[in-house]
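Have a look at the structure below before the remarks.
Where a number appears in this text, it was derived from the coordinates with a stated rule and is not lab data. Bear in mind the structure is a predicted one, so any value in this text is a computation, not a measurement. Backbone-built Cβ (ideal geometry, glycine too); neighbour counts: all protein chains shown.
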Amino acid sequence: MTAPTDLLLATEQAPDALAPVAASGVFVLIAVMILVPLVSSALLVLGDGPRFDLADKRGHLLGTAASLASFVIGVVLFVTLLGRDAGDRSIEQNLFAWIHVGGFQVDMTFLYDPLSALFVLLITGVGTLIHVYSIGYMEHDPRRRRFFGFLNLFIAAMLTLVLAGDYLVLFLGWEGVGLASYLLIGFWQHKQSAAVAAKKAFVVNRVGDVGLALAIMLMFAQLGTTSFVGVAEGIEQVSSGTATALGLLLLLGACGKSAQVPLQSWLLDAMEGPTPVSALIHAATMVTAGVYLVVRSNFIYEGTEAARTAVVVVGLVTLIAGAWIGCAKDDIKKALAGSTMSQIGYMMLAAGLGPAGYAYAIFHLITHGFFKANMFLGAGSVMHGMDDEVDMRRYGGLARLMPLTFGTFAMGYLAIIGFPGFSGFFSKDRIIEAAFAENVFVGIAAALGAGVTAFYMTRLMIMTFLSSRRWKENAHPHESPAVMTAPLVVLAVASVLGGFLVLGGWISDWLTPVTGYETHELAVPAWVFSVGITVLVAIGVAVAWATYGRRDVPSTAPEKVSFVTRAGRRDLYGDAVNEAVLMRPGDQATRGLAVFDRIGVDGAVRAVTGGIGATSSLLRRAQTGFVRSYSLTIFGGALIVLVAVLAVNLA
Amino acid sequence: MRGSDVPWLTILGLAPIVGGVVLALLPRGRALLAKQVALGFSGLTLVLVLVVAAQFDLDGSGYQLTEQVDWIAAFGVHYALGMNGLGLTLVVMTAILTPVVILASWEDGDGGRWSSASFFAWMLVLEGLALGAFMATDVFLFYVLFEATLIPLYFLIGGYGGLGRQSAALKFLVYNLLGGLVMLAAVVGLYVVSSRAGSPSYLLSDLMDLEMGTWTERLLFIGFMVAFAIKAPLWPLHTWLPGAAKAATPGSSVLMVSVLDKIGTFGMLRFCLGLFPEASQWASPVVITLAVISIIYGALLAIGEDDIRRLIAYTSVSHFGFIILGIFAFTTQSTTGAALYMFNHGLSTAALFLVTGFLIARRGSASIADYGGVQKVAPVLAGILLLAGLSSLSLPGLSPFVSEFLVLAGTFTRSTVAAVFATLGIVLAALYILLMYQRTMTGPLREDNRHVTDLRGREIASLAPMVVLIIGLGLYPQPLLNVIQPTVDATLQHVGVTDPAPVSTEAEEGSR
Amino acid sequence: MTDHYITLSLLLFTIGAVGVLVRRNAIVVFMCVELMLNATNLAFVTFARAHGNLDGQIAAFLVMVVAAAEVVVGLAIIVSIFRTRRSASVDDASLLKY
């Protein structure tokens, strides 16, 4: 009678997150949270056409209300979850059997646990603010209602992604946000550049999706399940090679969605979309999905040192590449996009450090969501006032004309450079500390990245809000309406206060049931790092001030620049490499194949038919039309028959 | 076998053919009446299909509602019909698509060589023959119907298509007849084998248990497979399809690619695997290789194609590659996925052909280079084109994703290499669809596209069923999977393969 | 005795065959065909006598009937060709070719 005891032990030893309880009570609202924006989106998009004037006037309100409703549900669920014991904070809602074929059993399941709870709040919270902001920003766009429909679709898909209880359901949300991103980047479809950028984003993401899809197949082949719980339970039985393959494939997917090197090239182009989209999708939420994926799959990365190292390397490379690009760009949105890449690099780096870093990756993800959304919306507010000008060299001295935008932007600025007391200070410091604990060189590179961040953000601040006015003629900068500045204020407050999540170790305690947690051993006290990093940041600020603050900024970009700047301006030649390695050979391959298909494959078919045709036209020459030759043939035939008969008879 | 007093399947198969005859007898010059009659008969067929589906027992794996009458007793030929899950799926698809096509092609038959009444008559006859092919449980009867379907389509392409329709129709006919000829030899061979074993019989149930020599079986398999591979079409036997799709009217293209070509993949699943299980296993590495080549090759050619209709034809080559890959990977998931793929591909390709057909009719050109910015003047058309395109690139949440993922996941357990290469196809799919959408719909509105109008009520009505099904079955595919799976289980059991077990359970069993 | 008749028949047949092959005038060709038919008739009748039964004679009657029918159709064709083309040469009537 030992078996029952073993069983009991096994359940006790299993981590808490692996034993989710079925949804009951208020938690049945998990699916409703997704459904509300989805239905609203369908209403807003389907009600298209000239007969829907009323919908055009009120549609944005429906969209905002749907997002707000999800946020309210999210808050209610979060509070309920807070009230539970740490061991019970994992709720599973199984809606219906999605795909059941033989051993392949995928249910439409949602998993609501501390990790997804935080994401839900971030997505719906920031999402709602950006809905409100968009009411003002998109006011004059004739297709504003559809814009809100797409935004709602995004919210629904992103919630599906973070609430999924199964990798395939996650994939559903994963591609859903890809679709929403495609629709929103290309929202101004009449612009060729926007349409091309949208397609590029989707296709590059698809490359990453191959990784995710293969990872799911590998899970099914090796473990017979694709649910988080099932994979977490079974992962110990697979070989380390399989675990590494899984880790690398998931990383490929994460690279696509989170614009990490080598799949980074779409993010800068994605800035063609309306600015609220850049803020919501390409800064605060969707691009961090890769980090979510890695953190969510912590049980897979636990067993594979190699894949974790790959995550660290990818994060580190992107961190530096993004910062580099951010330094060189004059387009305010692209500078911010480079910064986003770089900051997600920090998160990836932290996620690659294992349990020591997961909590801080998520922490930085949240604070970044606040301050980057804040700054993107601020940039949008600037553009709104400057007739959609994006070139920072045509800004300057806007601080006095746009005091609210400037003030809120400054909060975001201080947060991102890690000014002591602001949210970024806490979150970035923790990551750099953890990096030092892992490997000194990684730590040094991450710390240097912080200095560069300070440089390019200061540059952006100076060129936009301070320095001399270099506006184009007939530019009339003005402060944006309250419907746009109100979200800015809220986000600015969040940028300042977001860091308090870490006080008392709350964030790591909260996430421990999901990700586990390890403290790291540091050679020197933590305050030394804080001081060191702050000094680096100060140096970065000072260099930027010396370069841009004390001298006049030219209103056109200087041509004679160093290789470093030129490379940064051209996105470190990422597009050039893609062009040379993939697109041009691919183009030639399709052309070559088209010729091969016409001449080779179809040629063979036509050769057969042509051969038959040629043979018959040769043979029909025998039909001369002369009766005499026909009769000669008849006589010849008769003769042959006669000879044959004789030969047989005589023999 | 579950007998039934009413010969439902015969009634079902005859209904559209009777409709075709009625149309042919209608007085000339009553074009509108002819169209209404055609729509009525296709609707009646759909109702009959629903009646049949309601009687279908989901738990049964064998043939249901069977009918059997001797036809040519000397050769063991029967008129035998029966319905299983796979057949029901395709019958439902055909019955849904035909009224949709008739509604969408309302005016396409007007400018043809013959009257529009005969255009719709041929369509109904084609539907009836295809339904018969999906229901036939006698190999000879199937062969006759398989070949007979070529006739209506030959006239549909040759009589009502666009430029170069004559030669395209001829190429289609001769190419497929050639495949049929090879199959005929194999059908005769089956008779020989069957009569040697005792009394000759073409009944599927008799032939399935037939013992034959290894090489006899392989040769007969090749004979059937070549015909099906031309029809499906599998690389390198695909070159008739783009030309035929380019010349045919959109409605004919739908019937050709969505319905007629499915008889090929359907035949592989029912006859190749059913009659020649060992030979199917023997050939599977080659077939899988060709299928993967089809996937990549079709996608690459679609990327480089400028003619919208040829582009869709090449995407179908790629999709048929997935279906054939799934069938010959022999796992529950892949084969079920392949059967589901047949249904979903029918829907998504029909939507693509029809919506681009509306576009081409408005602009008068099928060249992508002639378009640009159409989204601005025809947003509904653009939206439906995008949705159809997204379903073609297997976006999760739309029905083709379920089938494609099942095929890939199932194949992965059998042949990882094939699955990895096939998965690359999803990147190429994104490229060919989005490039086409970008070049036609987005960007600044070109001056010569300004007169393009948005979809009208009839056109939206014809596309709506597909849109609803694509989204609905993407989120809830289980009803169809439940219909298909018993058939697939029985087939795979007959072939004698079992799914590879996940490694983790193997390890567990090993440790016990 | 039989040998002589057969030799004559062979001779007539050969003359007819050569005539069909070398002459161009349709009437002459036609007559040569008749000559060949009659050569076979002669052979039939000869063999009938040699074997002492009526089979050969019956065959000869059949040939005569067929020959008569053939004359009716053939001459009509030749006349109508001559009327339209003003020539009775068989080489001119070679339109039915590849």
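Here's the picture: charge each Lys and Arg Cβ at +1 and each Asp and Glu Cβ at -1 in segment A:347-405, and of A:347, A:392, A:375 the one pushed furthest to the positive end of that dipole is A:347.
Rounded to the nearest 10 degrees, the inclination of helix A:332-352 to the longest alpha-carbon principal axis of chain A is 90 degrees.
Neighbour counts of C-beta atoms inside 10 Å place A:151, B:156 in the sequence B:156, A:151, starting with the fewest.
The H on the amide N of residue A:106, modeled in the peptide plane, is under 5 Å from the matching H of A:98, A:99, A:100, A:101, each at least 5 residues off or on a different chain. Kirkwood Rh over Cα pairs of chain A into Stokes-Einstein at 20 °C, 1.002 mPa s: D in µm²/s? Roughly 79 µm²/s, to the nearest whole number.
Here residue B:231 is the anchor, and the lysines within straight C-alpha reach of less than 20 Å, apart from those fewer than 8 places off in the same chain, are B:171, B:246, B:262.
Exposure proxy ranking for A:257, A:372, based on other Cβ atoms within 10 angstrom of each Cβ and starting from the fewest, stands as A:257, A:372.
What translational diffusion coefficient, in µm²/s and rounded to a whole number, does the Stokes-Einstein relation yield for segment B:68-198 at 25 °C and a viscosity of 0.890 mPa s, taking the hydrodynamic radius as the Kirkwood radius over Cα pairs?
Roughly 149 µm²/s, to the nearest whole number.
For segment A:335-373, the residues whose amide N sits under 14 Å from a probe point set 7 Å from the Cα of residue A:439 along the beta carbon direction are A:349-354.
Using only DSSP helix segments of four residues or longer, with each worth -39500 (n - 2.57), what per-residue ellipticity at 222 nm results for chain B after dividing by its residue count and rounding to 500?
Roughly -24000 deg cm²/dmol at 222 nm, from the helical runs in chain B.
Sparse packing (at most 15 other Cβ atoms within 10 Å of the Cβ) combined with a DSSP loop state is found for the following chymotrypsin sites (Phe, Trp or Tyr not before Pro) in segment A:617-651: A:626. Once the GluC sites (Glu not before Pro) in DSSP loops with at most 12 neighbouring Cβ atoms within 10 Å are cut out of chain A, the longest remaining piece is A:1-472. Summarised in one figure, the compactness ratio Rg/Rh of the protein assembly as shown, Cα atoms and Kirkwood Rh, is 1.12.
Kirkwood Rh, segment A:314-434, all Cα pairs: how many Å? Kindly include the intermediate steps, with their values, before the conclusion.
Values: mean 1/r = 0.0675 Å⁻¹.
After inverting the pairwise mean of 1/r, the radius is 14.8 Å.
Over chain A, Cα pairs under 8 Å with separation of 6+ residues give a relative contact order of 12 percent.
For segment A:33-159, the square roots of the Cα gyration tensor eigenvalues, ordered a ≥ b ≥ c, give a/c of at least 1.5 with a/b no greater than b/c, which places it in the oblate category. Based on Cα atoms of segment B:312-388, Rg over Rh with Rh as the Kirkwood radius reads 1.12. Note on segment C:1-92: dipole from Cβ charges, positive end direction compared against C:69, C:81, C:35; the farthest Cα belongs to C:81. Residue B:271: net charge of surrounding residues, Cβ under 13 Å, Lys/Arg +1, Asp/Glu -1, itself excluded? Summing Lys/Arg as +1 and Asp/Glu as -1 gives 0.
Each Lys and Arg Cβ is given +1 and each Asp and Glu Cβ -1; about its Cα centre, the protein assembly as shown then shows a dipole of about 4720 debye. Within chain B, helices built from complete DSSP H runs that reach 30 Å or longer along their own axis (Cα positions) and carry a mean Kyte-Doolittle hydropathy of 0.5 or higher are B:31-55, B:165-196, B:277-303, B:308-329, B:332-363, B:416-441.
The alpha-carbon of residue A:560 sits under 19 angstrom from the alpha-carbons of these aspartates and glutamates, leaving out residues fewer than 8 places away in its chain: A:330, A:331, A:391, A:552, A:571. Axis of helix A:29-46 versus longest Cα principal axis of chain A: the two differ by about 60°, to the nearest ten degrees. What you get for segment B:302-389, charging only the Cβ of Lys and Arg (+1) and of Asp and Glu (-1), is a dipole of about 200 debye around the Cα centre. Go through B:452, B:296, B:56 and say which Cα lies farthest out towards the positive end of the charge dipole of chain B; charges sit on Cβ, +1 for Lys and Arg, -1 for Asp and Glu. Positive-end residue among those listed: B:452.
Can you put A:615, B:416, B:239, B:94 in order of Cβ neighbours within 10 angstrom, beginning with the fewest?
Least to most surrounded, the residues fall as A:615, B:416, B:239, B:94.
What you get for segment A:256-363, charging only the Cβ of Lys and Arg (+1) and of Asp and Glu (-1), is a dipole of about 100 debye around the Cα centre. The trypsin sites (Lys or Arg not before Pro) of segment A:605-651 include none that DSSP puts in a loop with a beta carbon having at most 11 other beta carbons within 10 Å. Applying a threshold of 20 Å to the alpha-carbon distances of A:372/A:428; A:199/A:334; A:257/B:376; A:191/B:376 flags A:257/B:376 as lying beyond it.
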